[in-house]
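The values are calculated or read from the model by the stated rules, or taken from the named source; none is laboratory data. Treat the numbers as computed from the prediction; the structure is a model and nothing was measured. Here the Cβ positions follow ideal geometry from the backbone for every residue, glycine too, while neighbour counts run over all protein chains shown.
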Amino acid sequence: MNETYARLADAIEWGDEDEAKVYVQRALDEGYDPAEIVKEAMSEGVKRAGDRFNAGEFFLPELMLTGEAMKAGLSIVMPIILAQMEGQEEESKVKIMMGTVEGDVHDIGKNICLAMLQAQGFDVIDLGVDNDEDWIVEQVKKEQPDILGLGSYMTTTMIHIPPTFERLHREGLTDNMKLLAGGVAVNRRWAMEVAKADGYADDAWGMIDLVNEILDLTEPSEEREDIGYGRGEKVKIR
């Protein structure tokens, strides 16, 4: 990792909004790709903060500061990323719903996903954060999405994904809907084998690729470890 990326990752990890803005701008000035800045440096800072939380070194206030620093950096780089995507979008009737599970207030990855999916022309629904099982089921019944993605950024909240998916199956709501799991607390094996998700991605960019694969818009990803798809029927674009 180069020095600018390293300092940016540190700023995100330790929740320094001003430093995050400085080093995002420096990375852009040095000619680095905007999406790579988020993936390689900023996301690394978030991951480190999550690791510290799981190790008992950080608590919720520290994680919130990390989130604010990430948002500060994204306020500079995301408009550039979305501007680069202009002209790529095609109107789609596919409806994608995403949110974080009960007890999880971290929305950075979700927000990146939804912004980029919307830029591609998808109909997106943001459930927000801290969604309990009853609310998720209610919203699925109301909106009838084609794809539901639930995220968890803490090991203490990931336990809410399997029972929510199980209930959606039990109530017959998944016949025409794919279930995706993601977030830094989730790994591929757990998502596919424990949560019984149709698909998994380890970051926002992986989730974008996964959605496009499920919609049969890109080639299969057998060789990739950062995303996984259960190989069921593809979503039919209505």
Scan region 136-156 for residues that are touching a Gly at 6+ places or on another chain (Cβ under 9 Å) and either crowded, with 22+ Cβ neighbours inside 10 Å or farther than 15 Å from residue 183 by Cβ (or both) and report the count. 9
Within region 162-212, can you find the residues that are among the basic types (Lys, Arg) and buried (at least 17 other Cβ atoms within 10 Å of the Cβ)? 178, 188
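Output the number of residues of region 56-107 satisfying the condition of being part of a loop (DSSP other than H, G, I, E, B) and modelled with pLDDT of 90 or more.
Residues that pass the stated criteria total 3.
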Reported set for region 2-50 where residues are free of Cβ contacts under 8 Å to residues at least 40 places away in the same chain and small (Gly, Ala, Ser) is 6, 9, 27, 31, 45, 49
